[in-house]
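Scroll down for the structure; my scribbles are underneath it.
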Amino acid sequence: AQSVTQPDIHITVSEGASLELRCNYSYGATPYLFWYVQSPGQGLQLLLKYFSGDTLVQGIKGFEAEFKRSQSSFNLRKPSVHWSDAAEYFCAVAVYNNDMRFGAGTRLTVKP
Amino acid sequence: GAGVSQSPSNKVTEKGKDVELRCDPISGHTALYWYRQSLGQGLEFLIYFQGNSAPDKSGLPSDRFSAERTGGSVSTLTIQRTQQEDSAVYLCASSLDSGGSADTQYFGPGTRLTVL
């Protein structure tokens with residue numbers, strides 16, 4: 001069965017520290033991969049996506065993610081976290097438009 | 001409009017009442033999606049429209065839920081005889097429909113539904 005796992009429910013990092021949010025998936029084929037961010041009371045905003053090509057993708061707000069086929073992972077990274085990055089982060093995978101699956105989300109808290 | 005809009009932003013209703021939630025997609029986007037986000041949980045897929053037709057209704061949790069889309073644009077999600085477990089944020093998204101692959105979905109701000 002298709003599934004997306006975000007192992008970390010909640011992560012706390014200090015401002016200026018590096019960040020890595022994990023995402024693993026189980027799919028019959030290599031899906032398209034997305035990371036979305038949701039700030040309190042707002043909808044989801046696309047950070048980045050991977051369709052094909054270079055496995056390291058750059059997104060908005062200084063985020064990047066690396067697709068590792070052998071590990072079925074698509075981890076999100078940022079070298080230096082800002083207080084405004086505090087939000088909920090969702091990994092999503094899809095092969096077709098009607099089968100997008102989201103992880104349960106990772107809530108990021110940033111300490112001053 | 002510039003983005004996906006949803007109305008109302010908040011809806012409080014009494015158990016047993018019907019509610020209608022509205023979504024205006026990005027102009028030109030032929031694909032439209034509804035999701036439900038319950039407290040502390042990820043997004044649950046409800047239904048997907050390709051134009052005005054809904055080829056996939058498998059995510060609707062019960063026959064109390066229905067959705068329609070007219071003119072290839074605005075969509076309405078209707079919940080009849082609401083129950084307390086229907087309380088959630090209902091998110092709408094739209095995308096270009098390139099056919100046969102997954103497009104980037106753009107989300108609206110959601111409607112927070114509270115059933116008392």
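Ligands, DNA and RNA left out, the 1.4 Å accessible surface of chain B is 45% carbon and sulfur atoms.
Each distinct pair of alpha carbons in the stretch B:5-97 adds a 1/r term; the inverse of their mean, the Kirkwood radius, is 13.4 Å.
The charge dipole of chain A, taken about the Cα centre with unit charges on the Cβ atoms of Lys, Arg (+1) and Asp, Glu (-1), comes to about 80 debye, rounded to the nearest 20.
If only the Cβ of Lys and Arg carry +1 and only the Cβ of Asp and Glu carry -1, the dipole of the protein assembly as shown around its Cα centre is close to 240 debye. Of interest is the spacing of the C-alpha centroids, which for the stretch B:5-32 and the stretch B:43-116 amounts to 8 Å. Dipole check for the stretch B:5-97: with +1 at the C-beta of Lys and Arg, -1 at the C-beta of Asp and Glu, and the Cα centre as origin, the magnitude is about 140 Debye.
Averaging the sequence gap over all C-alpha pairs within less than 8 Å and six or more residues apart, then dividing by the number of residues, gives chain A a relative contact order of 37 percent. Remark: the stretch B:109-116, residue by residue, has Karplus-estimated 3J(HN,Hα) of x, x, 10, 8, 9, 10, 10, 8 Hz, where x stands for each Gly or Pro and the curve is 6.51 cos²θ - 1.76 cosθ + 1.60 at θ = phi - 60°.
Placing a label point 7 Å from the Cα of A:GLU66 along the Cα-to-Cβ direction, the residues of the stretch A:1-45 whose backbone N falls under 14 Å from that point are A:19-23. Annotation for the B:A interface, with buried accessible surface near 1600 Å², both sides summed [1.4 Å probe; non-protein components not counted].
The residues A:PHE51, A:PHE90, sorted by heavy-atom accessible surface at 1.4 Å with ligands and nucleic acids left out, run A:PHE51, A:PHE90 from largest to smallest. Under 19 Å from the Cα of A:LYS61, which aspartates and glutamates turn up, not counting those fewer than eight places away in the same chain? The reachable aspartates and glutamates, counting only those whose Cα sits under 19 Å from A:LYS61, are A:GLU15, A:GLU20, A:ASP85, A:GLU88. If you run the Gaussian network model on chain B, springs between alpha carbon atoms under 10 Å, then out of B:THR76, B:THR30, B:THR104 the most flexible one is B:THR104.
The values are calculated or read from the model by the stated rules, or taken from the named source; none is laboratory data. These numbers were taken from a predicted model, which means no experiment stands behind them. Note that each Cβ is placed from the backbone with ideal geometry, even for glycine, and that neighbours are counted across all protein chains shown. We work out accessible area using only protein heavy atoms, side chains counted, and drop any ligands, DNA or RNA first. Shrake-Rupley method; radii C 1.70, N 1.55, O 1.52, S 1.80 Å.
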